[in-house]
Amino acid sequence: MQFTKMQGAGNDYVYINCFEQQPENPAELACQVSDRHFGIGSDGLILILPSEKADLRMRMFNADGSEAEMCGNGIRCVAKFAYDHGLVDRREIRVETGAGILTLQLFPGVDGKIAKVRVNMGHPALKRGEIPMTGPADETAENLQIEVEGKIFQATCVSMGNPHCVIFVDDVSDFPLAHYGPLIEHHPWFPNRINVEFVQVVSPGEVIQRTWERGAGETLACGTGASAVTVAGVLTGRTERKVLNHLRGGDLELEWPEDGPVYKTGPAVEVFTGNFNPG
């Protein structure tokens, strides 16, 4: 099986060109390739497929084999792969995902290959039933008190095609994310589990984010999470509508215009290619 390893702000995935080959069991394959000791090493597996509705289709599998709706960093790399490898020939494309069809603008570097991608992430879903969460379906999940092990956090929950729980903290670098991340991921409020963002506000236009991703653990970046953080920051009055987000793997530029979709701009990098023998 031929593969390409790519990363966007340190959020790394193994990509398979399904225009040329089709893995039989992608969930099982995701577990194999993601293993950082016995596999290729990644946060998961992304398939690049033909689409009847858009230029391309992507399917994303977490490192534990569970399928997710979308990945904001992964989709940028899908766009880069498609352009650099001749699957598309335009610098504005549409990609079908489990969260709907998204539009992307591609920006080449000095070598003519794509270096940066701007993604229309779509409109955030703010109601409990849309995220999804337990409780009144039409209630907005803003500034809620969530309790884990007797500790109460102020949380704002948002879906950007996949679910996120955003919690603002004073010092994100010292926060025990590995302890509280899985507890909140599996909290009874969230029937499909949830991604958790812990965020420190530097200024109204700048934040620092760490992410616990369902099915993957802490990752160096999360694009849908950064989008959710932007929305939560505006809703709670902590940030402006245009934000620079510092993640462990790099920076993302976010913007949420009034009554509009969230836009996210960031890097896309091809790391290496190779062959893998599933077994």
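Just so it is clear, none of the values below were taken in a lab; they were calculated from the coordinates. Quick caveat, the model's predicted, so the values are computed rather than measured. Ideal geometry is used to build each Cβ from the backbone, glycine not excepted, and the neighbour counts take in all protein chains shown.
Using the Cβ atoms and a cut-off under 9 Å, what net charge is assigned to the surroundings of Lys113, where Lys and Arg are +1 and Asp and Glu are -1?
Here the charged neighbours net out to -2.
Consider just the alpha-carbon atoms of the stretch 155-224 and return their Rg together with their Dmax, both in angstrom.
Values for the stretch 155-224 (Cα only, Rg and Dmax): 11.5, 34 Å.
Relative to the compact-globule scaling 2.2 N^0.38 Å, provide the ratio for the alpha-carbon radius of gyration of the chain.
Normalised Rg, Cα atoms only: 0.96.
For an R0 of 25 angstrom, estimate the FRET efficiency from the Cβ-Cβ distance between Gln21 and Arg94 and round to the nearest 0.05. Walk me through the numbers before you get to the answer.
On the way: r = 23 Å, r/R0 = 0.93.
After rounding, the FRET efficiency stands at 0.60.
On a full-extension model of 0.36 nm per residue, what is the gain between Gln2 and His123, subtracting their alpha-carbon distance, rounded to one decimal in nm?
40.0 nm
So how far apart, in nm, are the two label points at Asp170 and Phe272 if each is 7 Å from Cα heading toward Cβ?
The modelled label-to-label distance comes out at 4.4 nm.
For the stretch 1-135, would you read off the P(r) tail past 21 Å as a percentage of all alpha carbon pairs? Intermediate results must be reported in sequence, preceding the final value.
Working: 3715 of 9045 pairs.
For the stretch 1-135, the fraction of Cα-Cα distances above 21 Å is 41 percent.
Considering only the other residues whose Cβ falls under 12 Å of the Cβ of Phe276, what net charge follows from Lys and Arg at +1 and Asp and Glu at -1?
Neighbour charge sum, excluding Phe276 itself: 0.
Could you work out the relative contact order of the chain, using alpha carbon pairs under 8 angstrom and six or more residues apart, expressed as a whole percent?
Computed over the chain, the figure is 20 percent.
Where in the stretch 167-200 is the amide nitrogen less than 19 Å from a point lying 7 Å along the Cα-to-Cβ axis of Thr134?
181-196
Using the Kirkwood radius over C-alpha pairs as Rh, can you work out the diffusion coefficient of the stretch 128-260 via Stokes-Einstein at 25 °C, viscosity 0.890 mPa s, in µm² per second? Walk me through the numbers on the way to the answer.
Numbers: Rh = 14.5 Å.
Diffusion coefficient, whole number: 169 µm²/s.
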